[in-house]
Amino acid sequence: MVKTLAFTHRGDFYEVNAKGWIEKNSCGYFSSNWIFLGGSSHHWHNEPTVTLEDAFKNPMKLNGCMGWDCDHGTVRRWGGKWAGRIPKIRNAHVREYPD
């Protein structure tokens, strides 16, 4: 079985494979240049407090966190505003697909 980490953020659906490669809105392509690093529970954190490995073990830890990624070598925290608030990860869970 192939496992992916699935969640929503700012109304978009994301899936992340074990390498951290991200697929957005079921586009059918996991980008090797866009790596999910994890999430942080507060905007004052300077790095993820929930790692990708932690999220795969217990996806509930990722709910309510801000996402972190590395896009073409640049590490960034997902920000902006969504409905007047800082957007957070929701509905995190692990999916299993046959090989």
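So, counting K/R as plus one and D/E as minus one, what does the shell of residues with Cβ under 9 Å around N63 add up to?
Surrounding charge for N63 is +3.
Find me the longest stretch of the chain that has none of the exposed trypsin sites (Lys or Arg not before Pro), where exposed means in a DSSP loop (not H, G, I, E or B) with at most 16 other Cβ atoms within 10 Å.
20-80
Of F36, L62, L5, which is farthest along the charge dipole of the stretch 2-97 in the positive direction, counting Lys and Arg as +1 and Asp and Glu as -1 at C-beta?
Of the options given, the answer is L62.
With the chain treated as a Gaussian network of Cα nodes joined by springs under 10 Å, which of D69, D12, D54 yields the largest mean-square fluctuation?
For the chain, modelled as a Gaussian network with Cα springs under 10 Å, the answer is D12.
Using only alpha carbon pairs under 8 Å that are at least six residues apart, calculate the relative contact order of the chain and give it in whole percent.
Averaging sequence separation for qualifying contacts and normalising by length gives 32 percent for the chain.
Which residues does the label zone of S32 cover in the stretch 45-80, counting backbone N under 20 Å from a point 7 Å along Cα→Cβ?
Residues 69-75 fall inside that zone.
Quick one: Debye curve from the C-alpha atoms of the chain, no solvent, what's log10 I(q)/I(0) at q = 0.12, 0.17, 0.19, 0.23 Å⁻¹?
-0.34, -0.69, -0.87, -1.29
If I stretch the segment between N46 and K81 completely, what's the gain in nm (0.36 nm per residue apart, minus their alpha carbon distance), one decimal?
This chain segment gains 10.7 nm when fully extended.
Give the residue from G84, H72, H45 lying farthest towards the positive end of the charge dipole for the chain; charges sit on Cβ (+1 for Lys and Arg, -1 for Asp and Glu) and the dipole is referred to the Cα centre.
Farthest along the dipole direction, towards plus: G84.
Once you charge only the Cβ atoms, +1 for Lys and Arg and -1 for Asp and Glu, what is the size of the charge dipole of the stretch 2-97 about its Cα centre, to the nearest 20 debye?
320
No lab work stands behind these numbers, since they all come straight from the coordinates. Keep in mind that what you see is a predicted model, and the values were worked out from it rather than measured. Backbone-built Cβ (ideal geometry, glycine too); neighbour counts: all protein chains shown.
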